[in-house]
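The values are calculated or read from the model by the stated rules, or taken from the named source; none is laboratory data. Just so we're clear, the structure is a prediction, and the values are computed from it rather than from any experiment. So basically every Cβ, Gly included, is an ideal-geometry build from the backbone, and we count neighbours across all protein chains shown. Protein only, heavy atoms only, side chains kept; ligands, DNA and RNA dropped before computing areas. Shrake-Rupley method; radii C 1.70, N 1.55, O 1.52, S 1.80 Å.
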Amino acid sequence: MKAVLSQNGEINVAEIPAPVLEDGFVLVETEYSAISPGTEMMMNGAHRPKPIVLGYSAVGIIRSRGQGMEHWPIGQRVACYGGPYAKHAEWLLMPQHLMVPVPEHVSPVEASTVGLGAIAVHAVRQADLQFGETLVLIGAGILGQLIAQIARAAGCRVIVYDLLEARCSIAESLGIRHIAVSPEQVSSHLEQLTAGMGADAVMICAGGKSGGLVDQALEWVRNQGKVLLVGDVKADFSRELMFGKEAQVLISRAGGPGRYDPVYEKQGIDYPYGYVRWTEGRNMAEYIRLIAEGDIQVGPLISKVFPLERSADAFLQYAQSPAELLGAVLAYPVTGVQEAEPAAAQAREGQ
């Protein structure tokens, strides 16, 4: 099967062995996969000599199922998240808790962003915002745009700050009332919305290696507020600023409880609902619900859909002109074959 590989800082579409069906898994034929510009550009920039398959968020159709997965119907469209299972590849071997059903009326292009969506949902949960509280969001890339809409749907007042006016305009068109293209504008919004008390939480979705963003966030947050690091930002900050407000500096890891736990992800053993209310899988389902019920809009965040063969063009555009590409999705040719035996046979021959 074809997959998107990164090697020595270059992107290529290459043939790799297709997955073989196992008990406790289903085989999914990929329709679309979404590029995560922050994570994947960072991984590609590492210039690894050994090729790696990129991607962690996709949507496709279940074509075959292993023992124990009979409750997943053949032909069901599912949104898939989490490497090494979900990726930019024609076939995906998916376990129980890393896929969720997609309603028929939901666009598969939008559903392919489920990985980014789960990360956004978990970030809002980590901030522990209550109805009516104020969030400042630094960075209006696709992840920041999703977080802003989710927080607004939860009843929070949201200020989106980005140096790119076009991205702020997109946020405004999607219902974010308070946008800022300068620190001064953020401060002005906070003065009006909080009477100068400061934001309840500040999320940093922008990347930055020079430091300073966390200090800026600490200036804006209220006493005993939270600063949440979501983007690839250098975690340098002033102890004096943090101490003066007794603020918390937190980090949000991926899509929620269960991520990177092989017992949950590979073995399919769920956490007790009463003790872990919002797992990785339940966050995925909530994101798809938000799309299905119209509480958030994802379509306007997808700048372009690239055929799989042009994957390198998508990454090149992100590298050379990121301001022009907010969200990018890869499209796959779908065979419609109801059983995945051909894929399994190819995998055995490649071993």
Helix-only [θ]222 nm of the chain, DSSP H runs n ≥ 4, -39500 (n - 2.57) each, per residue, nearest 500: -9000 deg cm²/dmol
Fraction of the pair-distance distribution of the range 145-295 above 27 Å, Cα-Cα pairs, percent: 32
Pairs of lysine residues in the range 172-292 - Cα separation under 28 Å, sequence separation of 8 or more or cross-chain: 6
Candidate aspartates and glutamates - alpha carbon under 14 Å from Lys304, same-chain residues fewer than 8 apart omitted: Glu110, Asp313, Glu324
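Going from most exposed to least, what order do Tyr273, Tyr32 have by accessible area with a 1.4 Å probe? The partial results should precede the final answer.
Numbers: Tyr273 125, Tyr32 55 Å².
I get Tyr273, Tyr32, largest accessible area first.
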Cα gyration tensor of the range 53-179 - equivalent ellipsoid semi-axes, whole Å, descending: 33, 15, 13
Accessible area per residue in Å² at 1.4 Å probe, computed on the chain: 44
Inter-site label distance for Val53 and Asp215 at 7 Å from Cα along Cβ, in nm: 4.5
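Taking the mean number of other Cβ atoms within 10 Å as a proxy for protection, how do you rank 10-17, 314-321, 140-147 from highest to lowest? Walk me through the intermediate numbers first.
Details: 10-17: 14.5, 314-321: 16.0, 140-147: 27.1.
The packing order, highest mean first, is 140-147, 314-321, 10-17.
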P(r), alpha carbons of the range 107-150 - 5 Å bins starting at zero, rounded %: 5, 20, 32, 24, 11, 7, 2
Share, in percent, of DSSP beta bridges within the chain that are antiparallel, nearest 5: 55
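Give me the Kirkwood hydrodynamic radius of the range 1-127 in Å, from all C-alpha pairs, to one decimal place? Spell out each step's value before the answer.
Numbers: mean 1/r = 0.0667 Å⁻¹.
By the Kirkwood definition, the hydrodynamic radius is 15.0 Å.
Can you tell me how much longer the chain between Glu165 and Asp23 gets when fully stretched, taken as 0.36 nm per residue apart minus their C-alpha distance, in nm with one decimal?
On the way: separation 142, 0.36 × 142 = 51.12 nm, distance 5.00 nm.
Gain in length upon complete extension: 46.1 nm.
What per residue convex hull volume, in Å³, comes out for the chain when only alpha-carbon positions are used? Each step should come with its number before you reach the end.
Numbers: hull volume 47.6 nm³, N = 351.
Spread over its residues, the Cα hull of the chain gives 136 Å³ apiece.
Treating only the Cβ of Lys, Arg, Asp and Glu as charged (+1, +1, -1, -1), what charge dipole size does the chain show about its Cα centre? Round to the nearest 20 debye.
Values: 27 positive and 38 negative charges, 75 e Å.
Charge dipole of the chain: 360 debye, to the nearest 20.
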Model label zone, Ala14; criterion: amide N under 13 Å from point 7 Å along Cα-to-beta-carbon; scope the range 31-57: 48-54
Protein accessible area in the chain, 1.4 Å probe - carbon and sulfur %: 52
Gyration tensor (Cα) of the range 226-324, equivalent ellipsoid semi-axes in angstrom: 29, 26, 16
Simple spin-label estimate for Ser321 and Gln297 in nanometres, 7 Å along Cα-Cβ: 2.4
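Taking every pair of Cα atoms in the range 237-289, average 1/r, invert it to obtain the Kirkwood radius, and report Rg/Rh to two decimals.
Details: Rg = 16.1 Å, Rh = 13.4 Å.
Radius of gyration relative to Kirkwood radius: 1.20.
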Descending semi-axes in whole angstrom, ellipsoid equivalent of the range 147-193, from the Cα gyration tensor: 16, 14, 7
